[in-house]
1. Residue by residue through segment 160-182, note down the ones that are within 16 Å of ligand 2 (Cβ to nearest atom), under 13 Å from the mean Cα position of the chain (by Cα) and under 22 Å from residue 79 (Cα atoms).
2. Would segment 121-134 turn up any residue that is assigned to a strand (DSSP E or B), touching a strand residue (DSSP E or B) at 6+ places or on another chain (Cβ under 7 Å), under 21 Å from residue 43 (Cβ atoms) and near ligand 1 (Cβ under 9 Å from one of its atoms)?
3. Just one of 157, 127 is surrounded by 20 or more Cβ atoms within 10 Å (Cβ to Cβ) and either in contact (Cβ under 8 Å) with a residue 12 or more places away in the chain or more than 28 Å from residue 75 (Cβ to Cβ) (or both); which is it?
4. Out of 32, 43, 18, I need the residue that is in contact (Cβ under 8 Å) with a residue 40 or more places away in the chain and surrounded by 13 or more Cβ atoms within 10 Å (Cβ to Cβ). Which one?
5. Within segment 34-58, can you find the residues that are at pLDDT 70 or above and either part of a loop (DSSP other than H, G, I, E, B) or of a type in the set (Lys, Arg) (or both)?
Amino acid sequence: MLNEIAEQLKNTGYIVLRLPLPQALMQALPERCHDDGRFLPARVGRGENKQQITALRGDVISWLDEENVIDRAYLAWMDELRAGLNERLFLGLFDYECHYAIYQPGTAYAVHLDALKGKKNRIISTVLYLNQDWQSDDGGELLLYEPDNKDLLTTVVPEFGTMIIFLSEVFPHEVNLSRSTRRSITGWFRVN
Ligand code: OGA
Ligand code: MN
C-alpha cells in the first residue's frame, strides 16, 4: 500500500483510499470523536489574524492526545506512513499534527488551501472519515479542485474508513454543507 500511495502522490498529488487502517483501530476511533467538552470552534488564519468565522468554517475540533491509547494508535500508524513516504519520496516529513473534527448539520468549510506556498510547513494533508451509514443526501462531501483552472478533480463522500491524502500546498478544496453530523480526523505532515 505504501508504494501505491507514494506513486500516486508523485504522479497526481492525491489519493483516495478505502479502509486503509486496521479494522480494530477503525472501530475504536469514532468513540473519540464525540463532543464531551473537549471540542472547540475551529479558527481560520494564523496569529493575530486568527478569527472564528463560522460562515467560512463551521466545525468544532479536538487535537489528538498522546496520553490516550486510541489516539496513540492512530498517531503510530500515521508515523509509519510518514516514515514510508520519506523513504520513497525524500520529503523530509518531520512530524504529524491532527485533530478530530465535528461538523454539525448546517455547517461547511469554504474553499481554501491548507498551506501557503513558500511557508513550507504543512506538506501533506490527510483526512479520515468516521461516519457509519452516511447517506447520499447527507451532503458533506469534500471537493478537491485542480490548482490551475479550479476544475473539480474529485468528490469524496465522507464514508466510514475512507481516507484522502493530498499535497497541502497544491489543491484548493472545500467541504459541502453537511446535513448530518459529520466526523473526521484531519491532519498534516510537516517539515521542520
Ligand atoms: C480541513 C479540511 C476536509 C474534510 O480541515 O482543512 O479541509 O473533508 N477538511 O473534512
Ligand atoms: Mn483543508
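1. Scanning segment 160-182 gives 162, 163, 164, 165, 166, 167, 168.
2. yes
3. Details: 157 fails: surrounded by 20 or more Cβ atoms within 10 Å (Cβ to Cβ).
Step by step, each of 157, 127 is checked, and only 127 is surrounded by 20 or more Cβ atoms within 10 Å (Cβ to Cβ) and either in contact (Cβ under 8 Å) with a residue 12 or more places away in the chain or more than 28 Å from residue 75 (Cβ to Cβ) (or both).
4. Details: 43 fails: in contact (Cβ under 8 Å) with a residue 40 or more places away in the chain; 18 fails: surrounded by 13 or more Cβ atoms within 10 Å (Cβ to Cβ).
After applying the criteria, what remains is 32.
5. 34, 35, 36, 37, 38, 39, 42, 43, 55, 56, 57, 58
Let's see how each residue does on (1) within 11 Å of ligand 1 (Cβ to nearest atom); (2) of a type outside the set (Gly, Ala, Ser):
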| site | (1), (2) |
| --- | --- |
| 139 | no, no |
| 156 | yes, yes |
| 159 | no, yes |
| 165 | no, yes |
| 170 | no, yes |
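The values are calculated or read from the model by the stated rules, or taken from the named source; none is laboratory data. Not measured: the values here are computed from a predicted model. Cβ: placed from backbone, ideal geometry, glycine included. Neighbour counts: every protein chain shown.
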